[in-house]
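Here the structure is laid out as structure tokens; the discussion comes afterwards.
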Amino acid sequence: MKVLVVDDCLSVRTLLKRYLTEWGFEFVSAASGQEALGEFGKSTLPRLIIVDWIMPEMQGPELIKEFRRQDPHRNAYIIMLTAKTGREALETAFRCGADDYLAKPIVKDELYRRVREGENILERQDSVQSSVEKITQAKS
């Protein structure tokens, strides 16, 4: 499964690339929200996305809102990655459309659990969608 990491910090992207490829994921990255939106337009966009909150030009919450606005039917699991902490930040992340929230500094085991959970949720969604399509075809 492909994972898109959107973070303006090269060292964070490098660390995440090392972890994700170690765990068998295909890594795709973007250094800005605008670059990520370019990836989003592709039909092969990774459905598992990790977005940094604080970036120049377009902040993470804005980017997530734009992802959701551009294609509200696309099943994507988005993890907000941030140094921001506290209930208000958590609520903001979920209100903008994030599915999960991970605080910096990155703890490898916690990242692993959250990425795997996102993968599991996407696989279950695919299974449900496949079942719905089969039932619809059988009724036709």
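The table for this structure:
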| read-out | value |
| --- | --- |
| Selection from the stretch 14-35 of residues that are in a helix (DSSP H, G or I) and closer than 14 Å to GLY60 by Cβ | GLY33, GLN34, GLU35 |
| Candidate set: the stretch 90-138, residues that are outside any helix (DSSP H, G or I) and among the small types (Gly, Ala, Ser); chosen: the one nearest to THR21 (Cα to Cα) | ALA103 |
| Pairs where the first residue, in the stretch 22-36, is free of Cβ contacts under 8 Å to residues at least 60 places away in the same chain and the second is surrounded by 13 or more Cβ atoms within 10 Å (Cβ to Cβ) and of a type in the set (Lys, Arg), C-beta under 6 Å, 6+ apart | GLU26/LYS2; PHE27/LYS17; VAL28/LYS2; SER29/ARG13 |
| Of all residues making up the stretch 96-140, the number that are touching a Pro at 6+ places or on another chain (Cβ under 9 Å) and in contact (Cβ under 8 Å) with a residue 40 or more places away in the chain | 1 |
| Residue in the stretch 75-82 that is over 16 Å from ILE121 (Cβ atoms), assigned to a strand (DSSP E or B) and in contact with a Lys or Arg (Cβ under 8 Å, 6 or more places away or on another chain) present | yes |
| THR85 being among the β-branched types (Val, Ile, Thr) and free of Cβ contacts under 8 Å to residues at least 24 places away in the same chain | yes |
| Residue count for the stretch 42-75, restricted to those that are of a type in the set (Gly, Ala, Ser), surrounded by 16 or more Cβ atoms within 10 Å (Cβ to Cβ) and modelled with pLDDT under 90 | 0 |
| Checklist (1) over 21 Å from ALA103 (Cα atoms); (2) surrounded by 16 or more Cβ atoms within 10 Å (Cβ to Cβ); (3) within 12 Å of the chain's Cα centre (by Cα) applied to GLU39, failing item | (3) |
| Residue in the stretch 111-121 that is surrounded by 16 or more Cβ atoms within 10 Å (Cβ to Cβ) and among the small types (Gly, Ala, Ser) present | yes |
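The values are calculated or read from the model by the stated rules, or taken from the named source; none is laboratory data. What you are looking at is a predicted structure, and each value in this text was computed from that prediction instead of being measured. A quick note on method: Cβ atoms are made from the backbone with ideal geometry, for glycine too, and the neighbour counts reach across all protein chains shown.
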